[in-house]
Structures are given as structure tokens and as C-alpha cells.
Amino acid sequence: MTGGRATTIRRQWWAWAIAALVIAVAVAPLVQQWLTNPDDQRLVDLDVYRTGGQMILDGRAVYEFATPAPQLLPFTYPPVAAMLAVLLAKMSWETAQWVWTAGVFVSLAVVVAYSFRGVLAAHQEGQAEHRDGLARYAPWLFAFLMVACTYLMPIRDQVRFGQVDILLVALCLADCVARRPWWPRGFLIGLATAVKLTPGVFLIYLLVTRQWRTFFMAAFAAALLTLLPFVVIPQDAADFWFSALFDPNRLGANAATTNQSIRGMLIRLYLPDAVTSVIWIALVAVVGWYGFRGARAAYQAKDPITAVALVGLMAVLLSPVAWIHHLAWVVVVLGAIVGDGRDPVRVRVAVGVWLYYVLPIPWWGVALKVAGVPVLDKIVQDGYGLGALGLVWLLVSWLPKRRDVV
């Protein structure tokens, strides 16, 4: 190794340390805002997880409790999630808040690193004559991307509610795009599916792309982690799979603005239930066919980031209930659009998508509804869900035409 190269590497360590400090300072206002909220408004979903773990420690029924008023939130995840939450229950509430919030940002860092691997690699692994010069900017680019993604509304809500979604995104993304994973590929998808079911859409993706070995590992891991609670906490496992799972009202008001799934948007039209169900099933079939076909095409084109982004959007759109924080997949979408950063058109489109999901657009729809503005209020209220449908089209039909432009 030359002396110049060794000097560059030493500088990189300092640069990454400073970049981490910049990220911490930039996200501190958001963390302070939500971790100093009143107790009954602070990280309410983390409180649900932690209380679920506490029910197991106390030998009480996991699916019969609700958190204290005014939230009154029940545990809605599969029983293996409650088993994992025992670790949180053993921490003090203050410690759990900080540990979980740190975990949110570590998970986001993993998602950003993989999603923007194309543009980050361009700075770290440039042509030999430019490599050292470009490498100097990689830490600052990563810091910029981390801060920008933190202030997306779906990511802000991860911190606000203490949600698990960004961790699940990290698990599925790493499983699909890591070049040389140290774990059996497919295991992380199985784990994510066992914890929150909706990542199960990746099993469909693995099937349509004929990644058989990965599919069987994911299915095995999901099945094992699903059956394990029947041995450890059998009554809770039975309560979930034969009762709680079929009660969508446990998730909250399905017609609420925060539900941006296809079904949520249809429910807010207040059509007869039978009509809503028929339209929903038809749209799920069409959007699912279009999205998974696009994911398969992206995989075959050796663009796994786009494939994962599309499958993540399917998890949001096709689910009966998908809250705004479920759209943490937007980070992967942005990485897919940016690519290696050489196409200025793709970069400008990514900036537009980023701004769209930074703004609280659905809540503007609520304001229009209060003001008595018909039609437009519904469209704006459904802004994130309609935007997700637009992103599916963008990734399936528009993006392939831009891949060979530069």
C-alpha cells in the first residue's frame, strides 16, 4: 500500500466519525421533540411492544391487554414478536426509549447504505485515477442522505411512535441485496415475516423470480418462528391465529387518514361494504400483478434495489391496513430512482419524490375536508397512497427507459 493511499484511509476514518457527528446533530431536534413528549404520547407503539413482553413475563394474556388511556392500544403482532419484546420489557422505560430510538437510526443507516449503494460506490470505488479524490466525499454524501431520509414523514413517524417498520425494511433489503451475506439468505425475510406478516410479500417475490433456495429458507424460518410460540406460549399463539388476527379493528380506525393502503382509500369513499370489498379485491389483483411483474423484470435486469422497492410498495398498497409509517419503503424507492447518480433527470425526480413525502400532504386533505372542499379533499387526503401507486408506475414503466441514458 502506498503512503498516499494509507493517508486517504486514515482520513476516511476521521471523515466518517465527523459525518456521524453531523448526523447526530441534525437529527437531534427530531429526537428531542418526540422523546420529551408527555408520557401518554411518547413512543406509543414501543409501549405496546414492551407491554406485550411484560405480559409474557407476568404470565398474562398478551392479546387481552391495552395500553393505558388515552391510547388504549392492544398488541397486534404475531406472538413471536411478543416473545422478542421480552428483552424490551426487562429494560426500564427510559432505557428502552433510547435503545429503540438508536436502533431506528442504525436500521435507517443500513437501509440508506444498501439503497444508495450505487451512488455511494461511485464515490468509494471510482476509476483508479479518481478513486482517492471521490472517496473523500462518500462520508459527507452518506451523512446528507441520512439526514434527508430522516425527515421523510414515514421516517419521522418511526421516531415519533417508536415503530418497527424501518427495522423490517433493513432486514428484507439486506437479505435481497447483500452480495456475500454471513447469514443464510432468506432467513431475515423469514424473521421479518414472522414478526409482522406484511413482509410475507417477499415470499411471492422469491417465487416469481425463482430464487428457490432463498424462498425455502425464508419459508422455513417464518414457519419455525410461527410454530415456536405454540410450544412456549400456546394460549397466546392460539389467541392470535384463531381470533385476534381476524379483527381489523384491533389495528385502529381503518378509515383514518393514516391508513394509506388501497383498502384505506376505498373505505374513505364510504361505499357499501360489499362494493368496497369487490373493488378492493379487483384492484389488489391488478396492482399486485403489475407490481410483481415489474419486480421480476427489475431482478432480471440486475437491478435488485428497484425490485425490492416495488415489493415494499406492494406490502403497503395490498395490505388491508397500512399506516403512513409503513411507507418507510420510500427510502428504498429513492435509492432505486437515483441509481448511480449520473442521470440528472433521475436525481431531479428523486428530489421531487423526497419533497412529496416530506410534506404532510394527507393532513392537508383533512384541512380541506374541514373547510368543505369536496372531491379535492379526498384526493389530497389519499395523497401518500396515490403517490405510492404513482411510484409503482414510475419504477415499472419509466425507470427502465432511463437506465441506459447515461
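Out of (1) open to solvent by 20 Å² or more (accessible area, probe 1.4 Å); (2) out of contact with any Gly (no Cβ under 8 Å at 6 or more places or on another chain), the odd one out for F240 is which?
Going through (1) open to solvent by 20 Å² or more (accessible area, probe 1.4 Å); (2) out of contact with any Gly (no Cβ under 8 Å at 6 or more places or on another chain) one by one, F240 breaks only (1).
Just a yes or no: is a residue in the range 344-352 part of a helix (DSSP H, G or I), at pLDDT 95 or above, out of contact with any strand residue (DSSP E or B) (no Cβ under 7 Å at 6 or more places or on another chain) and within 21 Å of I262 (Cα to Cα)?
Within the range 344-352, none of the residues are part of a helix (DSSP H, G or I), at pLDDT 95 or above, out of contact with any strand residue (DSSP E or B) (no Cβ under 7 Å at 6 or more places or on another chain) and within 21 Å of I262 (Cα to Cα).
Among the listed residues F215, F220, identify the single one that is out of contact with any Lys or Arg (no Cβ under 6 Å at 6 or more places or on another chain) and either under 26 Å from F116 (Cα atoms) or of a type in the set (D, E) (or both). Let's see the steps before the verdict.
Working: F220 fails: either under 26 Å from F116 (Cα atoms) or of a type in the set (D, E) (or both).
Within the list F215, F220, the selection yields F215.
Hey, could you check the range 143-155 for residues that are part of a helix (DSSP H, G or I) and of a type outside the set (A, V, I, L, M, F, W, C) and say which is surrounded by the fewest Cβ atoms within 10 Å (Cβ to Cβ)? Explain how you work it out, then say what you get.
Filtering the range 143-155 down to residues part of a helix (DSSP H, G or I) leaves 143-150, 153-155.
Right, trim to of a type outside the set (A, V, I, L, M, F, W, C) and you get 150, 154.
Values: T150: 21, P154: 25.
Checked the range 143-155; the qualifying residue surrounded by the fewest Cβ atoms within 10 Å (Cβ to Cβ) is T150.
Among the listed residues V370, V358, which satisfies the condition of being open to solvent by 10 Å² or more (accessible area, probe 1.4 Å), hydrophobic (A, V, I, L, M, F, W, C) and closer than 30 Å to L46 by Cα?
V358
Checking the conditions here, which among A336, A371 is within 30 Å of Y270 (Cα to Cα) and small (G, A, S)?
On the way: A336 fails: within 30 Å of Y270 (Cα to Cα).
Going through A336, A371 in turn, the sole match is A371.
Restricting attention to the range 255-280, which residues are open to solvent by less than 40 Å² (accessible area, probe 1.4 Å), modelled with pLDDT of 90 or more, not in a helix (DSSP H, G or I) and not hydroxyl-bearing (S, T, Y)?
Those that are open to solvent by less than 40 Å² (accessible area, probe 1.4 Å), modelled with pLDDT of 90 or more, not in a helix (DSSP H, G or I) and not hydroxyl-bearing (S, T, Y): A256, N259, Q260, R268.
Would you point out which residue out of A238, A222 is of a type in the set (G, A, S) and in contact with a helix residue (DSSP H, G or I) (Cβ under 6 Å, 6 or more places away or on another chain)? Quick ask: steps written out before the conclusion?
On the way: A238 fails: in contact with a helix residue (DSSP H, G or I) (Cβ under 6 Å, 6 or more places away or on another chain).
Only one candidate passes the filter, namely A222.
Condition test on V330, is it of a type in the set (A, V, I, L, M, F, W, C) and open to solvent by 10 Å² or more (accessible area, probe 1.4 Å)?
Numbers: of a type in the set (A, V, I, L, M, F, W, C): yes; open to solvent by 10 Å² or more (accessible area, probe 1.4 Å): no.
No, not satisfied.
If we only count helices (runs of 4 or more DSSP H) wholly inside the range 156-221, which ones have 1 or more residues that are crowded, with 24+ Cβ neighbours inside 10 Å and hydroxyl-bearing (S, T, Y)?
It comes to 187-196, 201-208.
Can you pull out the residues in the range 285-295 that are within 20 Å of the chain's Cα centre (by Cα) and not aromatic (F, W, Y)?
Taking the range 285-295 and keeping what is within 20 Å of the chain's Cα centre (by Cα), we get 287-288, 291-292, 294-295.
Passing the criteria: V287, G288, G291, G294, A295.
Name the pairs: first residue in the range 345-361 and over 16 Å from D382 (Cα atoms), second residue modelled with pLDDT of 95 or more and among the small types (G, A, S), Cβ to Cβ under 7 Å, at least 6 apart or on different chains?
Matching pairs, first to second residue: W354/A148.
Taking the criterion of being more than 21 Å from L108 (Cβ to Cβ) and without any contact (Cβ under 8 Å) to a residue 24 or more places away in the chain, would at least one residue in the range 332-343 satisfy it?
The answer is no, given that none of the residues of the range 332-343 is more than 21 Å from L108 (Cβ to Cβ) and without any contact (Cβ under 8 Å) to a residue 24 or more places away in the chain.
Could you please let me know if V231 is among the β-branched types (V, I, T) and open to solvent by 70 Å² or more (accessible area, probe 1.4 Å)?
Details: among the β-branched types (V, I, T): yes; open to solvent by 70 Å² or more (accessible area, probe 1.4 Å): yes.
Criteria met by V231.
Answer yes if at least one residue in the range 247-270 is out of contact with any strand residue (DSSP E or B) (no Cβ under 7 Å at 6 or more places or on another chain) and within 23 Å of F116 (Cα to Cα), and no otherwise. Working first, answer last.
Our first condition is that a residue be out of contact with any strand residue (DSSP E or B) (no Cβ under 7 Å at 6 or more places or on another chain); within the range 247-270, this holds for 247-270.
Still in the list and also within 23 Å of F116 (Cα to Cα): none.
Checked the range 247-270: no residue is out of contact with any strand residue (DSSP E or B) (no Cβ under 7 Å at 6 or more places or on another chain) and within 23 Å of F116 (Cα to Cα).
I'd like the residue in the range 301-324 that is surrounded by fewer than 24 Cβ atoms within 10 Å (Cβ to Cβ) and out of contact with any Ser or Thr (no Cβ under 8 Å at 6 or more places or on another chain) and, out of all such residues, is nearest to D273 (Cα to Cα).
P304
The values are calculated or read from the model by the stated rules, or taken from the named source; none is laboratory data. Note that the coordinates shown come from a computational prediction; the quantities given were computed from them, not determined experimentally. With ideal geometry, Cβ positions are generated from the backbone for all residues, glycine too; neighbour counts draw on all protein chains shown. Just so you know, the surface numbers come from the protein's heavy atoms only, side chains and all, with ligands and any DNA or RNA stripped out. Shrake-Rupley method; radii C 1.70, N 1.55, O 1.52, S 1.80 Å.
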